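The values are calculated or read from the model by the stated rules, or taken from the named source; none is laboratory data. The structure presented is a predicted model; accordingly, all values stated were derived computationally and were not measured. Here the Cβ positions follow ideal geometry from the backbone for every residue, glycine too, while neighbour counts run over all protein chains shown. Accessible surface areas use protein heavy atoms only, side chains included; no ligands, DNA or RNA. Shrake-Rupley method; radii C 1.70, N 1.55, O 1.52, S 1.80 Å.
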Amino acid sequence: MTAPPHDCLARNDWICGAYLSTRRQILLDAVVQHLRLTALSVLIGLAIALPLAVLARRWGWAAGPVLALTTILYTIPSLAMFSLLLPLYGLSATLVVAGLVLYSLTLLVRNILAGLRAVPEETRQAARGLGYGPIRLLLTVELPLALPAAMAGLRIATVSAVSLVTVGAIVGFGGLGNLIYAGMNTYFKAQVLTASALCVLIAVAADLLLLGVQRLITPWTRAGRARAPARRRRSRTGLRGARAGRA
């Protein structure tokens, strides 16, 4: 009976330190491509979604068609989406980015629009009373107050893009998805597990990073949450005092 090999690569183990040490550059290149595709798609999606949401807020009749179109795009399966875009972009990284941009629109437009709609009308009226024009009102009042909802959509869109980039492996531009796809075809356990774990780590890290940015640029939301318990405590104290006075 032959003894099992000492090399975890030869044994095809799921967890293998030798894989990390011998494929370091391959993993690094895949991570860089994954991050680049994700960042490009989310940034382009945000650049398109922001004016769409603003226009939908300004012209109420446009909100329905814009939301309907972006929702329809989001329902298209990823393989079908890439196939539909193939005649335009060919087998290229641009094909993957274009598909991810279209998928991100429904999440970004819907959340930005919800944030803009949530701005109190009295706040808008007060700003107009101070002489704010439409552009200044949008940039200094409406968009800052819409940031919490917009950042929530950006976080979801980014995490979704991290996962959908892997589908780009079907055209050879899938970042870590290329390693997952090749590893599944050859049943290379360490490669499949390592690339999958890195995808999860990227998604979690991106979400935490954006959450930190959100907390940094929206300090008033933390102040509001901090004041709410104090108000409840004062309310309960006042209620108890009133009851004691009646007694």
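For the reader, a short list of remarks on this structure follows.
- Of all accessible heavy-atom area on the chain, the percent that carbon and sulfur account for (1.4 Å): 69
- Percentage relative contact order, the chain, counting C-alpha pairs under 8 Å, at least six apart: 24
- Using a simple spin-label model with pseudo-atoms 7 Å out from Cα toward Cβ, Thr221 and Ser92 lie 3.7 nm apart.
- Simple label model, 7 Å out from Cα along Cβ direction - Asn12 to Thr71, nm: 4.7
- The residues of the range 17-218 present an accessible area of 50 Å² per residue when probed at 1.4 Å with all protein chains retained.
- Each of Asn185 and Arg36 was given a label point 7 Å from its Cα along the Cα-to-Cβ line. The distance between the two points is 2.1 nm.
- Under the span-like rule (Cα at least 15 Å along the axis, Kyte-Doolittle mean at least -0.5), DSSP H helices of the chain: 24-58, 60-75, 78-89, 93-117, 143-165, 176-186, 189-217
- Shape call, the range 16-137: gyration tensor on alpha carbons, a/c limit 1.5: prolate
- Peptides 55-68, 146-159 ordered by average Cβ neighbours within 10 Å, highest first: 146-159, 55-68
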